[in-house]
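Scroll down for the structure; my scribbles are underneath it.
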């Protein structure tokens, strides 16, 4: 029994290390126009935020959108940057961000 408990504890520590490395890698590779929300702290908050709708911050146009612990500036982020964020954002939020960015580009082309 002691050996099984030691193996289980070892696996937990390895998973925690891997998770920390992954989080650091993600934070180092954020695209331009994306920042980490300072209010996004604990895992419980993370699960709540993932299921919340996106929240617009700033100007009336909604230039900055807060979703899943990230603040995304729609004017600054590129389509390539949105593609990088695809795996990190919930599906509905990613689709909303992509549609907002596409609509903004279309409106700018018409001017």
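The values are calculated or read from the model by the stated rules, or taken from the named source; none is laboratory data. Small disclaimer: the values here were computed from a predicted structure and weren't measured. Here the Cβ positions follow ideal geometry from the backbone for every residue, glycine too, while neighbour counts run over all protein chains shown.
Overview of results
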read-out	value
First in segment 14-25 and assigned by TED's automatic domain parsing to the domain that holds residue 85 and more than 15 Å from residue 87 (Cβ to Cβ), second anywhere and surrounded by 10 or more Cβ atoms within 10 Å (Cβ to Cβ) and modelled with pLDDT of 85 or more, Cβ under 6 Å, 6 or more apart	none
Selection status of residue 8, modelled with pLDDT under 80 and either part of a helix (DSSP H, G or I) or surrounded by fewer than 10 Cβ atoms within 10 Å (Cβ to Cβ) (or both)	no
Residue ranges of helices (runs of 4 or more DSSP H) in segment 42-111 with at least 3 members modelled with pLDDT of 65 or more and either out of contact with any helix residue (DSSP H, G or I) (no Cβ under 9 Å at 6 or more places or on another chain) or in the same structural domain as residue 20 (by TED's automatic domain parsing) (or both)	79-85, 91-110
Number of the exception - residue 35 against (1) assigned by TED's automatic domain parsing to the domain that holds residue 63; (2) modelled with pLDDT of 80 or more; (3) part of a helix (DSSP H, G or I)	(3)
